[in-house]
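Have a look at the structure below before the remarks.
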Amino acid sequence: MFEGASNFVHSVDTAFLIVLVISVAFLVLITFLMIFFVIKYSRKKNPKAENIHGNVPLEIAWTVIPTILVLVMFWFGWTGYKEMSEIPEDAYVIDVTGQMWQWKFKYENNFESDSLFVPVNKPIKLRLHSLDVNHAFFVPAFRVKKDVLPNRNNVTWFTATETGEFEILCAEYCGMNHSYMLSKVIVLPEYEFNEWLKKDSSSSISTLSSASE
Amino acid sequence: MDDSKSHVEHSHGYGIYILVWMALMTLTAITVAVAGINFGALTITTALVIAAIKSYLVLQIFMHLRIEQKVFRIFVFVAVLFFVITIVLLFTDYSFM
Amino acid sequence: MSSQEHAAAHVHRDDVGSRMGMWLFLFTEMLLFGGMFFLYSIYRYMNPEAFHVAAKELNTLIGAFNTAILLTSSLTMALSITAIQKNNKSLSLFFQFLTILLALGFMVNKYFEWTAKFHHGIYPGGEELLSRSPGEVLFFGLYYVMTGLHGLHVVIGAVIIAVMMRFTAKGIITQTNYVKLETAGLYWHLVDIIWIFLFPLFYLIT
Amino acid sequence: MSNDALAIKKNGSEPTYLEYDGKGRGIKSWIFSTDHKRIGILYLVSLITFFIVGVTFGFLMRLELIAPGRTIMDAQTYNSIFTLHGVIMIFLFVIPGLPAVFGNFFLPIMIGAKDVAFPRINLLSWWLFAFGGFLAVLSILLPGGPADTGWTFYVPYSVRTGTNVMLALFAAFVLGFSSILTGLNFVTTVHRLRAPGMSWFKLPLFIWSLYATAWVQVLATPIIGITLLLVAVERWLGVGLFDPALGGDPVLYQHLFWIYSHPAVYIMILPAMGVISEIIPVFSRRTIFGYKFIAFSSIAIALFGSLVWAHHMFTVGMSDTGQFIFSLLTFLVAIPSAIKVFNWTATLYKGSIELAPPMLFALGFVFLFSIGGFTGLFQGTLSVNIQIHDTSFIVAHFHYVMFGGTGFGIFAALHYWLPKMFGRMYNLKAAKTAFWILLVGFNTLFFPMFIMGWLGMPRRYYDYLPEYHIYHLISTIGSWILIIGLTIMFTNLIRSLRRGKVIQEKNIWGGETLEWSVDTPPILENFVDIPTVTESPYEYKMNEYSETEKEEVK
């Protein structure tokens, strides 16, 4: 896995790992069988084949077992997702606006910034707005992604569990500078965040702003 | 594949068409008349049910589905089913928002 | 122009196959409109009030009249097939002609209906329309696109029937070989069925 | 394609389809021919042309991404190039792919018919295809520049951008129409023109897969047709349909788009699965394991595949109910595919396996398609999907399915049937070499994308952060290996058409399906007398394979 810094990391990575283990096991099994059969029953070693039309119990087995396994995967995926869709009541609200090709973040006191500043260990609710075309708000380290669409005000949330800087990317193709629609989440200890929010100097923001200009 | 020969019998008389036409016109009149009354949510249902009955008549009689091979009816069923399932699935998104 | 003649000599006539092909094509037509019905149903679900208000602007009488015209044309189409089956060529031609006439009647009606709307500024990009609520813009957008595409199908259908008249007159369509007329009929009835749904959905929202 | 180049020989008294020109001469005898085999060849030539164009665009994209920042082109060009790569590969190569080329050529032969049900409509669908391709090319060349929306044409961007989106939309619409006509032709053909005794459960599995595909083509394609048309109308007349500025819902566009485009994935993969189901038994010299399960799983895939489209939209903000249902259905569609893979593997058991080039490609297909399928499970898993949606993980996944799956399926089909179609054999060693290079190149190119996608590398990015550099670099090197493999393979195949060893015998590989009972190359109407079918298509008589026969082939 790779570093993660939000409350979702554990469930997403667990689900990923479960699917990975099952998939790799089956892939290895199939590949091994193919190679094994190709060698063992090669034309040279086995000039005469044996007709086997099928085997119903076997067919049932390899229908039922995968069905159970995928249902397990489904369940892990669903519970993990459920967590993402249930936004805590007391979450701190930030308005996110995407437009070609930059992000703007607006806090409860109407303060705006180019990077997203959030307090650590506190649920943050993001209200996503687009001024033009479709975008998607993506923070890989948080396992958070949500489309930012005009006419549809999506919301998402997360709790950052570590302080530091994390990338924000736009994940929905939005035109020429799509790949430069970047920003950063800056996770601060709560008191530092409050301090930062009080300061209304714009100079401190510009130094932190991302490549979006 | 000799069924193309038996196709000469593949017809209705004039009479049944005129009867169906009269039924269709009556149903149209009903649907217009009923539209004036407000059934609330049932209004759209009534209109669609009447439209469905009309289409059924056109399909069965005008389009000869009734006397066509069974496979044609299966085809129509599959196509309509595809349409219906798709719209139901579409509404699983929109009606639970 | 190549092997076609050669092949035609060998391939036997398959009327059931021809009708099957036509039915499959009709499914694609049905789902072509189906896509727009999806749009309609979702937008109506999202904007019930606006659709209600907008639908009042459409003239139910004209709509009902056009429905009657199309249903009658379906009748004449069906009758023309029975006529040819009974080897009554001139009667079949007459019914086909009547069908085309009714199709034209439908289009004339539609023309007046559309131009009246245009005069009131209710057309895509029109000032009057843009001043309305988004739901009404969607309603009229769908109205123009769906009835417009349907109208296009009426015109195509009329042209096809005109070709069938020519075939009938020249003796290509006969008592024993009328599958072309039948498939043209299938197409025409589908156009009718689509209108059967368009009519209540646009004109009868109360 | 001139006739002289193809070294025609007489097979008995009837002329082969290559010899019989009809009334036209030269090129005219091809582009106006209603013979299903000639139409198949027309498709083959056009598809390979488009494939080469598509590969070139893909190669250029990879080259741009070899290092962060600008390498060989600017961002706008890059966006157009990935759009063109997608549009060309999807609409002009993989969707028509197997049905249009090998379906056209072999479907009538394999069911014992002289042609498809509607030969003239068949020709019309090729003309529509050519016209659609022409429009797509035109959109590149006209002022305004090629479309830059991605092949998905998402609104509202596709309504606003100034590039030639209209032409691209119209091209896709026309191509959709071509696909529909092929589909309805095949459904009717399978229903009406089967030879006496060819009951449904004696149909070769390739036919089952084409039949299932044809239904999807007929039922799903019109929905994208109308959707793209509506976007065009919106651009052209300003009708309010999807544009949020006019009250429209951009998500509804995505629904309509994927209602077709997800099933389209099955249009692409099902016929390839059919080809594999043909090849594996032939080169194992034994009957297919679980015929009915494979046949029904084709139908099940077509059916369930039509119901899972919204898994492309798990991050758009659907209702939880929607997410739940579409995730669950997505997992269920994995099962019929798994059944197929298990049955193919089981078919190898106690066979007498010969690793001829078609078999190598078929086994390569099973391996790559399995990776493609398993990585699909990650995307069906809701919470994981949130992380990997719209990243290069997706790009890798669908290339494993579309290229590793369908692409290798097409290559397998080429190696399997091309000698039959032209009466010339390619160089077997070169074909095997090409396979191994392709396998290595393919995995080097696409596997790193899984890793960087999981790490958060979004797709459709012209530039990227330095931490992803190593993966992009490996991937680009992979693209070079892949291209070397493709070059060897195509050179070998094309060369064989002129210089390959002439083959006379009907049954080159020892297959039991009907195409191996007709002349090589087939005669104009395939059969002198329509055969009566009495056996299942994979009943091997258990004769020891004669080595002399094999030598003759080489």
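The values are calculated or read from the model by the stated rules, or taken from the named source; none is laboratory data. This one's a predicted model, so the numbers in the text were calculated from it and none came from an experiment. Here the Cβ positions follow ideal geometry from the backbone for every residue, glycine too, while neighbour counts run over all protein chains shown. For the accessible areas, the whole protein counts, side chains as well, though only heavy atoms, and no ligand, DNA or RNA atoms are used. Shrake-Rupley method; radii C 1.70, N 1.55, O 1.52, S 1.80 Å.
State which residue pairs qualify: first residue within 7 Å of another protein chain (Cβ to nearest Cβ) and under 19 Å from D:ASN79 (Cβ atoms) and inside the stretch D:449-464, second residue open to solvent by 20 Å² or more (accessible area, probe 1.4 Å) and part of a helix (DSSP H, G or I) in any location, beta carbons under 8 Å apart, and separation of 6 or more residues or different chains.
D:ASP463/A:TYR180
One line per residue, one yes/no per condition, for (1) over 23 Å from D:ALA412 (Cα atoms); (2) within 14 Å of chain C (Cβ to nearest Cβ); (3) modelled with pLDDT under 95:
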position: D:GLY238; (1), (2), (3): yes, yes, yes
position: D:TYR253; (1), (2), (3): yes, yes, yes
position: D:VAL265; (1), (2), (3): no, no, yes
position: D:VAL275; (1), (2), (3): no, no, no
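Which residue pairs have Cβ atoms closer than 9 Å, lie 6 or more positions apart in sequence or on different chains, and pair a first residue in the stretch A:54-80 that is more than 7 Å from chain D (Cβ to nearest Cβ) and of a type in the set (Ser, Thr, Tyr) with a second residue that is open to solvent by 20 Å² or more (accessible area, probe 1.4 Å) and assigned to a helix (DSSP H, G or I)?
The qualifying pairs are A:THR79/A:SER11.
Take D:ILE140 and tell me if it is among the hydrophobic types (A, V, I, L, M, F, W, C) and closer than 29 Å to D:VAL251 by Cβ. Working first, answer last.
On the way: among the hydrophobic types (A, V, I, L, M, F, W, C): yes; closer than 29 Å to D:VAL251 by Cβ: no.
Judged against the criteria, D:ILE140 is not a match.
Yes/no per residue for (1) within 31 Å of the chain's Cα centre (by Cα); (2) under 19 Å from D:GLY290 (Cα atoms):
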residue: A:LYS48; (1), (2): no, no
residue: A:PRO57; (1), (2): no, yes
residue: A:ALA61; (1), (2): no, yes
residue: A:MET73; (1), (2): yes, no
residue: A:TYR81; (1), (2): yes, no
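Name every residue in the stretch D:352-372 that is open to solvent by 10 Å² or more (accessible area, probe 1.4 Å), facing chain A (nearest Cβ under 9 Å) and in a helix (DSSP H, G or I), in order of residue number.
Taking the stretch D:352-372 and keeping what is open to solvent by 10 Å² or more (accessible area, probe 1.4 Å), we get D:354-355, D:360, D:363, D:367, D:369, D:371.
If we keep only those that are facing chain A (nearest Cβ under 9 Å) too, we end up with D:354-355, D:363, D:367, D:371.
Matches in the stretch D:352-372: D:LEU363, D:PHE367, D:ILE371.
Return the residues of the stretch D:493-515 that are open to solvent by less than 10 Å² (accessible area, probe 1.4 Å) and in a helix (DSSP H, G or I); say none if nothing qualifies.
Scanning the stretch D:493-515 gives D:LEU493, D:SER496, D:GLU515.
Taking the stretch D:274-314 on its own, how many of its residues are part of a helix (DSSP H, G or I), touching a residue at least 60 places away in the same chain (Cβ under 8 Å) and not small (Gly, Ala, Ser)?
Residues of the stretch D:274-314 that are part of a helix (DSSP H, G or I), as a first pass: D:274-284, D:291-305, D:309-312.
From what's left, touching a residue at least 60 places away in the same chain (Cβ under 8 Å): D:274-284, D:291-292, D:294-295, D:298-299, D:301-302, D:305, D:311.
Keeping just the survivors that are not small (Gly, Ala, Ser) gives D:275-276, D:278-283, D:291-292, D:294, D:299, D:301, D:311.
Result for the stretch D:274-314: 14.
Taking into account only those residues within the stretch D:132-173 that are among the β-branched types (Val, Ile, Thr) and within 14 Å of chain C (Cβ to nearest Cβ), which is least open to solvent (accessible area, probe 1.4 Å)? Full working, then the answer.
Keep residues of the stretch D:132-173 that are among the β-branched types (Val, Ile, Thr), which gives D:137, D:140, D:149, D:152, D:155, D:159, D:161, D:163, D:165.
Keeping just the survivors that are within 14 Å of chain C (Cβ to nearest Cβ) gives D:155, D:159.
Working: D:VAL155: 1, D:VAL159: 26 Å².
Restricting to residues being among the β-branched types (Val, Ile, Thr) and within 14 Å of chain C (Cβ to nearest Cβ), the top hit is D:VAL155.
Does at least one position in the stretch D:412-434 carry a residue that is over 22 Å from the mean Cα position of the chain (by Cα), farther than 30 Å from D:MET110 by Cβ, touching a residue at least 40 places away in the same chain (Cβ under 8 Å) and open to solvent by 10 Å² or more (accessible area, probe 1.4 Å)?
yes
Quick one: which of D:ALA232, D:ALA195 is open to solvent by 10 Å² or more (accessible area, probe 1.4 Å), touching a Phe, Trp or Tyr at 6+ places or on another chain (Cβ under 9 Å) and at pLDDT 90 or above?
Just a single option satisfies the conditions, and that option is D:ALA232.
Tally the residues that are in contact (Cβ under 8 Å) with a residue 12 or more places away in the chain and open to solvent by 30 Å² or more (accessible area, probe 1.4 Å), restricting the search to the stretch D:38-49.
Step one: list which residues in the stretch D:38-49 are in contact (Cβ under 8 Å) with a residue 12 or more places away in the chain, which gives D:38-48.
Now restrict to residues that are open to solvent by 30 Å² or more (accessible area, probe 1.4 Å): D:45, D:48.
Going through the stretch D:38-49 one residue at a time, the tally reaches 2.
Restricted to the stretch A:121-137, and to residues that are within 14 Å of chain D (Cβ to nearest Cβ), touching a strand residue (DSSP E or B) at 6+ places or on another chain (Cβ under 8 Å) and more than 15 Å from A:ASP95 (Cα to Cα), which residue is surrounded by the fewest Cβ atoms within 10 Å (Cβ to Cβ)?
A:ASP132
With respect to the numbered conditions (1) of a type outside the set (Lys, Arg); (2) touching a residue at least 60 places away in the same chain (Cβ under 8 Å); (3) within 18 Å of C:GLY35 (Cβ to Cβ); (4) open to solvent by less than 10 Å² (accessible area, probe 1.4 Å), which one is the sole condition not fulfilled by D:ALA212?
In the conditions (1) of a type outside the set (Lys, Arg); (2) touching a residue at least 60 places away in the same chain (Cβ under 8 Å); (3) within 18 Å of C:GLY35 (Cβ to Cβ); (4) open to solvent by less than 10 Å² (accessible area, probe 1.4 Å), D:ALA212 misses (3) alone.
Would you mind stating whether D:LEU465 is modelled with pLDDT of 85 or more, aliphatic (A, V, I, L, M), open to solvent by less than 40 Å² (accessible area, probe 1.4 Å) and under 30 Å from D:LEU65 (Cα atoms)? Walk me through how you get there before you give the answer.
Numbers: modelled with pLDDT of 85 or more: yes; aliphatic (A, V, I, L, M): yes; open to solvent by less than 40 Å² (accessible area, probe 1.4 Å): yes; under 30 Å from D:LEU65 (Cα atoms): yes.
When the stated conditions are applied, D:LEU465 passes them.
Taking the stretch A:81-120 as the search range and keeping residues that are charged (D, E, K, R) and in contact (Cβ under 8 Å) with a residue 40 or more places away in the chain, which one is most open to solvent (accessible area, probe 1.4 Å)?
Initially, the stretch A:81-120 is screened for residues charged (D, E, K, R), giving A:82-83, A:86, A:89-90, A:95, A:104, A:106, A:108, A:112, A:114.
Checking which are in contact (Cβ under 8 Å) with a residue 40 or more places away in the chain leaves us with A:83, A:114.
Working: A:GLU83: 69, A:ASP114: 28 Å².
Ranking the candidates gives A:GLU83 first.
Pick from the stretch C:166-206 the residues that are part of a loop (DSSP other than H, G, I, E, B) and either under 19 Å from C:VAL16 (Cβ atoms) or of a type in the set (Phe, Trp, Tyr) (or both): which of them is farthest from the other protein chains (Cβ to nearest Cβ)? Quick ask: steps written out before the conclusion?
Residues of the stretch C:166-206 part of a loop (DSSP other than H, G, I, E, B): C:171-178, C:204-206.
Restricting the remaining residues to those that are either under 19 Å from C:VAL16 (Cβ atoms) or of a type in the set (Phe, Trp, Tyr) (or both) gives C:173-178.
Values: C:ILE173: 14, C:THR174: 12, C:GLN175: 8, C:THR176: 7, C:ASN177: 10, C:TYR178: 9 Å.
Here the residue is C:ILE173.
Residue-wise test of (1) within 13 Å of chain D (Cβ to nearest Cβ); (2) part of a helix (DSSP H, G or I); (3) more than 30 Å from C:HIS52 (Cα to Cα); (4) in contact with a Phe, Trp or Tyr (Cβ under 9 Å, 6 or more places away or on another chain).
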| site | (1), (2), (3), (4) |
| --- | --- |
| B:ALA35 | no, yes, no, yes |
| B:ILE50 | no, yes, no, no |
| B:VAL58 | no, yes, no, no |
| B:PHE82 | yes, yes, no, yes |
| B:THR86 | yes, yes, no, yes |
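Going by the conditions given, is A:GLU50 open to solvent by less than 30 Å² (accessible area, probe 1.4 Å), at the interface with chain D (Cβ under 7 Å from one of its Cβ atoms) and of a type in the set (Asp, Glu)? Talk me through it step by step, then tell me what you get.
Details: open to solvent by less than 30 Å² (accessible area, probe 1.4 Å): no; at the interface with chain D (Cβ under 7 Å from one of its Cβ atoms): yes; of a type in the set (Asp, Glu): yes.
No; evaluated as a whole, the condition is false for this residue.
May I ask you to list the residues in the stretch C:101-144 that are in contact (Cβ under 8 Å) with a residue 12 or more places away in the chain, closer than 14 Å to C:ALA54 by Cβ and assigned to a helix (DSSP H, G or I)?
C:LYS117, C:PRO134, C:GLY135, C:GLU136, C:LEU138, C:PHE139, C:PHE140, C:GLY141, C:LEU142, C:TYR143, C:TYR144
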